[in-house]
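A.B. asks: Got a structure for you, questions after.
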Amino acid sequence: MKIMKYVLLALLLLALWITEPLWMKKHTDISSSPIDMQISEQNHQKAKQLASEAAKLNELEIKFGPKPYGKYSTGVPSEVYAYWDKTLRYPESLEEERCGPIQAGESGWTTVCRYRAKNSARSLQLMQDTFIIKNGKATK
């Protein structure tokens, strides 16, 4: 019985060796298949698009200063907090809700923020303002 296992194994290996030209390709050039060409073209286009976006961002950062980033929970940039501290009558009453995405505008980085603050009657008032941030300073 043990010898029969070895004979069957030898026959199997012989059959694989004989049929190798049928199932084994000698010239496997995967770089010339149409799908690979399409994938490489897509990767090339994606790289060009990322490079152009990086160049545009670099140009805007030279023009307006570095792009501000908002606080994770509300999206409020630190420059807007500094503006509120300087301009609100009761800055301790500030309840920020949300700021929109920071985008490049004509005169700087712009964002729209919704917040509540005490007015002159000392009651909370909901406000929504567009802030322009240029060179680290926010203005309305």
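A.B. asks: Filter the range 112-125 down to the residues that are open to solvent by less than 60 Å² (accessible area, probe 1.4 Å) and either touching a helix residue (DSSP H, G or I) at 6+ places or on another chain (Cβ under 7 Å) or not in a strand (DSSP E or B) (or both) and list them by number.
C.D. replies: The answer is CYS113, ALA117, ASN119, SER123.
A.B. asks: Which condition from (1) surrounded by 11 or more Cβ atoms within 10 Å (Cβ to Cβ); (2) in a helix (DSSP H, G or I); (3) of a type in the set (Val, Ile, Thr) is the one that THR74 breaks?
C.D. replies: Just one mismatch for THR74, condition (2).
A.B. asks: For the range 79-94, what are the residues that are assigned to a helix (DSSP H, G or I) and either touching a Gly at 6+ places or on another chain (Cβ under 8 Å) or exposed (fewer than 14 other Cβ atoms within 10 Å of the Cβ) (or both)? Break it down into steps so the answer makes sense when it comes.
C.D. replies: Start the filter on the range 79-94 by keeping residues that are assigned to a helix (DSSP H, G or I), which leaves 79-87, 91-93.
GLU79, ALA82, ASP85, LYS86, THR87, PRO91, GLU92, listed by residue number.
A.B. asks: Let me ask something else. Can you find a residue that is among the hydrophobic types (A, V, I, L, M, F, W, C), open to solvent by 60 Å² or more (accessible area, probe 1.4 Å) and modelled with pLDDT of 85 or more anywhere in the range 24-33? Walk me through how you get there before you give the answer.
C.D. replies: Kept after step one, since they are among the hydrophobic types (A, V, I, L, M, F, W, C), are these residues of the range 24-33: 24, 30.
Pick out the ones that are also open to solvent by 60 Å² or more (accessible area, probe 1.4 Å) and you get 24, 30.
With the extra rule that they be modelled with pLDDT of 85 or more, the set shrinks to none.
No, the range 24-33 contains no residue that is among the hydrophobic types (A, V, I, L, M, F, W, C), open to solvent by 60 Å² or more (accessible area, probe 1.4 Å) and modelled with pLDDT of 85 or more.
A.B. asks: Quick one: what pairs do we get from the range 82-102, first residue over 15 Å from GLY70 (Cα atoms), second of a type in the set (S, T, N, Q), C-beta under 9 Å, 6+ apart or different chains?
C.D. replies: What qualifies is ARG89/ASN119; ARG89/SER120; TYR90/ASN119.
A.B. asks: Here is a follow-up. Please go through the range 95-104 and give me each residue that is surrounded by 14 or more Cβ atoms within 10 Å (Cβ to Cβ) and modelled with pLDDT of 85 or more, ordered by number.
C.D. replies: At the first step, the residues of the range 95-104 found to be surrounded by 14 or more Cβ atoms within 10 Å (Cβ to Cβ) are 96-100, 102, 104.
ARG98, CYS99, GLY100, ILE102, ALA104 - these are the residues of the range 95-104 that are surrounded by 14 or more Cβ atoms within 10 Å (Cβ to Cβ) and modelled with pLDDT of 85 or more.
A.B. asks: Let me ask something additional. Can you find, within the range 126-140, the residue that is least open to solvent (accessible area, probe 1.4 Å) among those that are more than 23 Å from GLU61 (Cα to Cα) and either among the aliphatic types (A, V, I, L, M) or in a loop (DSSP other than H, G, I, E, B) (or both)?
C.D. replies: Per the stated criteria, the residue is MET127.
The values are calculated or read from the model by the stated rules, or taken from the named source; none is laboratory data. The shown structure was predicted, so the numbers you read here are calculated from the model rather than taken from an experiment. Ideal geometry is used to build each Cβ from the backbone, glycine not excepted, and the neighbour counts take in all protein chains shown. Surface areas here come from the heavy atoms of the whole protein model, side chains and all, with no ligands, DNA or RNA. Shrake-Rupley method; radii C 1.70, N 1.55, O 1.52, S 1.80 Å.
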